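Student: Mind looking over this structure? Questions follow.
The values are calculated or read from the model by the stated rules, or taken from the named source; none is laboratory data. All of these numbers come straight from a predicted model, not from anything done at the bench. Cβ placement follows ideal geometry from the backbone for every residue including glycine, while neighbour counts extend to all protein chains displayed.
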Amino acid sequence: MVIADVHRHVQHWITPGGLLAEMDELKIGWAGAVSAPYGPWDIQPYMQLLGKRYIATTGQMTLTDIHRYKGVRGIEDAQTHDYKALVEEANRLFEAGAIKGLGELILNNENTNPNPSFRRKVRIDSPGITQLLDIAKRWNGFVQIHAEDDASSVSELAKLASYYSTVPIILSHCLFTANTGLIDELLKKYSNLFCEMSARNESLYGNYFAKQKAEKFGWIVFDDQSLKPEWKSLIEKHPTRFMVGTDNFNASVDTRKVVRQIRQGLLRNLPLEVAQLLASGNAVRVMRLE
Ligand SMILES: [Zn+2]
């Protein structure tokens, strides 16, 4: 079964040729839908080699820069110089058909990022962010947002989903929530919300402390063999709303292991037609992949 990896940070430690070989070996049809916070800044070589199999986006690096120099306020403020450049670039790339969406927009990772200087909690419905949704709406693109499940972030996301009802909003890591009832409610209420399941597998938490924390907060949903029953029923209840991803956020992530867990722990525990939707069907439809 071919997979669409919708959380693949194509970062500088993998060459375009290396990525292509890995995708062919692991039967990954498409990869991307987030960008590379550590570079490369020029994605042209990847796009040239991978063509339509590379799900190109923009926005993530600009937000990282704005946060580094201007903090959370800078991300919320639509008027900064960096945003003007991003808006211009995003419009140009969408028009050229060179990108499919925007993201990963990391807006709340207060508890879910190991690096304190990278942590932030941004008002998700602030002008800085809504201007990006306006662009996605204009070009029929998607937006991928990394947020957590606290009440304020959830209500801001709900506002965004309801106002931009035609824009597919992909929730990175399914909000890192353990609360399947919350996701059930959100998916029932907003038909443009989707969950991607990267970093919800056991192998992403390699060392003892990372695993302790992941267990404590209920981040781990599947491993080599099993899928948590409450997540299995949630996914089966909303089969058209979930996608998969590997999340190579740093060079130590073992992509082969992650893909094995996606296939054996997640997909194999679902009915075949549901597994096919998760593997690639939903991404192909929502992100209009070819
Ligand atoms: Zn990510």
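Student: Looking at the range 21-30 only, could you name the residues that are free of Cβ contacts under 8 Å to residues at least 60 places away in the same chain and crowded, with 18+ Cβ neighbours inside 10 Å?
Tutor: The one that is free of Cβ contacts under 8 Å to residues at least 60 places away in the same chain and crowded, with 18+ Cβ neighbours inside 10 Å: Met23.
Student: So how many residues does the range 187-205 have that are touching a strand residue (DSSP E or B) at 6+ places or on another chain (Cβ under 9 Å), hydroxyl-bearing (Ser, Thr, Tyr) and farther than 25 Å from Asn250 by Cβ?
Tutor: Residues of the range 187-205 touching a strand residue (DSSP E or B) at 6+ places or on another chain (Cβ under 9 Å): 187, 190, 192-198, 200-202.
Narrowing the set further to residues that are hydroxyl-bearing (Ser, Thr, Tyr) leaves 190, 198.
With the extra rule that they be farther than 25 Å from Asn250 by Cβ, the set shrinks to 190.
Looking only at that region, the number is 1.
Student: Arg73 fails exactly one of the following numbered conditions: (1) within 16 Å of the ligand (Cβ to nearest atom); (2) free of Cβ contacts under 8 Å to residues at least 60 places away in the same chain; (3) surrounded by 14 or more Cβ atoms within 10 Å (Cβ to Cβ). What is the number of that condition?
Tutor: (1)
Student: Restricting to the range 162-181, what's the tally of residues that are within 15 Å of the ligand (Cβ to nearest atom) and small (Gly, Ala, Ser)?
Tutor: Counting residues in the range 162-181 that are within 15 Å of the ligand (Cβ to nearest atom) and small (Gly, Ala, Ser) gives 1.
Student: Looking only at the range 238-254, decide whether some residue is more than 16 Å from the ligand (Cβ to nearest atom) and either of a type in the set (A, V, I, L, M) or in a helix (DSSP H, G or I) (or both).
Tutor: Checked against the condition, which is being more than 16 Å from the ligand (Cβ to nearest atom) and either of a type in the set (A, V, I, L, M) or in a helix (DSSP H, G or I) (or both), the range 238-254 yields no hits at all.
Student: Give me a count of the residues in the range 80-95 that are in a loop (DSSP other than H, G, I, E, B) and modelled with pLDDT of 95 or more.
Tutor: Residues that pass the stated criteria total 0.
Student: Taking the range 68-79 on its own, how many of its residues are β-branched (Val, Ile, Thr) and either touching a Gly at 6+ places or on another chain (Cβ under 9 Å) or not in a helix (DSSP H, G or I) (or both)?
Tutor: Of the residues in the range 68-79, 1 are β-branched (Val, Ile, Thr) and either touching a Gly at 6+ places or on another chain (Cβ under 9 Å) or not in a helix (DSSP H, G or I) (or both).
Student: Can you pull out every residue in the range 182-203 that is within 15 Å of Lys237 (Cα to Cα) and within 16 Å of the ligand (Cβ to nearest atom)?
Tutor: Across the range 182-203, the qualifying residues are Phe194, Cys195.
Student: Still on this structure, please answer the following. For Phe209, state whether it is aromatic (Phe, Trp, Tyr) and touching a residue at least 60 places away in the same chain (Cβ under 8 Å).
Tutor: Here the answer is no, as Phe209 does not meet what is asked.
Student: Among the residues of the range 48-81, which ones are over 19 Å from the mean Cα position of the chain (by Cα) and within 28 Å of Arg288 (Cβ to Cβ)?
Tutor: Gln48, Leu49, Leu50, Gly51, Ala78
Student: Somewhere in the range 147-161, is a residue among the hydrophobic types (A, V, I, L, M, F, W, C), within 16 Å of the ligand (Cβ to nearest atom) and touching a strand residue (DSSP E or B) at 6+ places or on another chain (Cβ under 8 Å)?
Tutor: Looking for residues that are among the hydrophobic types (A, V, I, L, M, F, W, C), within 16 Å of the ligand (Cβ to nearest atom) and touching a strand residue (DSSP E or B) at 6+ places or on another chain (Cβ under 8 Å), one finds at least one in the range 147-161, hence yes.
Student: Here is a further query. Pairs under 8 Å by beta carbon, first residue closer than 18 Å to Leu272 by Cβ and of a type in the set (Asp, Glu) in the range 216-242, partner at pLDDT 95 or above and surrounded by fewer than 15 Cβ atoms within 10 Å (Cβ to Cβ), six or more apart or different chains?
Tutor: What qualifies is Glu236/Pro271.
Student: Let me ask something else about it. Quick check: anything in the range 101-123 more than 16 Å from the ligand (Cβ to nearest atom), assigned to a loop (DSSP other than H, G, I, E, B) and buried (at least 19 other Cβ atoms within 10 Å of the Cβ)?
Tutor: No, the range 101-123 contains no residue that is more than 16 Å from the ligand (Cβ to nearest atom), assigned to a loop (DSSP other than H, G, I, E, B) and buried (at least 19 other Cβ atoms within 10 Å of the Cβ).
Student: Test Lys211 against the stated conditions and say whether it is over 25 Å from Thr57 (Cα atoms), surrounded by 15 or more Cβ atoms within 10 Å (Cβ to Cβ), at pLDDT below 95 and not aromatic (Phe, Trp, Tyr). Give the derivation first.
Tutor: Numbers: over 25 Å from Thr57 (Cα atoms): yes; surrounded by 15 or more Cβ atoms within 10 Å (Cβ to Cβ): yes; at pLDDT below 95: yes; not aromatic (Phe, Trp, Tyr): yes.
Here the answer is yes, as Lys211 does meet what is asked.
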